[in-house]
Amino acid sequence: AGFFAAMAKDILGEAGLHFDELNKLRVLDPEVTQQTIELKEECKDFVDKIGQFQKIVGGLIELVDQLAKAAENEKMKAIGARNLLKSIAKQREAQQQQLQALIAEKKMQLERYRVEYEALCKVEAEQNEFIDQFIFQK
């Protein structure tokens, strides 16, 4: 009986029909069926891993975007601070020029007062001399 069963299996195998481990008639070779199942499972694992990878990459992209925004904000703050410092420096420079002009004006005023004072001292000396001469003449 074993010989006929083996011969029947060979003939059916050539026709593309096979028996599985439960002796059910199948169109696919049980080995091919097993490989197909394994491939299907591997594909599912691969798709799952790709999904996880996409989540990770998505998270990284989001993080990089946040860092880029933060860097841009800090850059804008730095530019603002630099511009503020420049304007303060310009204000100080203008203030310094105003003060220097005021100092020059006060120096000129002081020089005028000095000249006027010397002239008044000369007039006083002349008047005192005139008074002295007037008193001694009497």
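Here's a check for you: in region 1-20, which residue that is among the aromatic types (Phe, Trp, Tyr) and not in a strand (DSSP E or B) is modelled with the highest pLDDT?
If we filter region 1-20 for residues that are among the aromatic types (Phe, Trp, Tyr), which is where we start, we get 3-4, 19.
Still in the list and also not in a strand (DSSP E or B): 3-4.
Working: Phe3: 77, Phe4: 69.
My answer is Phe3.
When region 21-63 is examined, which residues are found to be touching a Leu at 6+ places or on another chain (Cβ under 9 Å) and not in a helix (DSSP H, G or I)? Lay out the reasoning, then the answer.
Here is the first cut: in region 21-63, the residues touching a Leu at 6+ places or on another chain (Cβ under 9 Å) are 25-27, 36.
Listed by number, the residues that qualify are Leu25, Arg26, Val27.
Six or more apart or on different chains, Cβ under 9 Å: which pairs go from a residue in region 19-33 that's free of Cβ contacts under 8 Å to residues at least 24 places away in the same chain and at negative phi to one that's small (Gly, Ala, Ser) and surrounded by 10 or more Cβ atoms within 10 Å (Cβ to Cβ)? Could you list them?
The qualifying pairs are Val27/Gly16; Leu28/Gly16; Asp29/Gly13; Asp29/Gly16.
The values are calculated or read from the model by the stated rules, or taken from the named source; none is laboratory data. Bear in mind that the values here come from a model prediction, so they are computed numbers and not experimental data. Reconstructed Cβ throughout: ideal geometry from the backbone, glycine too, with neighbour counts over all protein chains shown.
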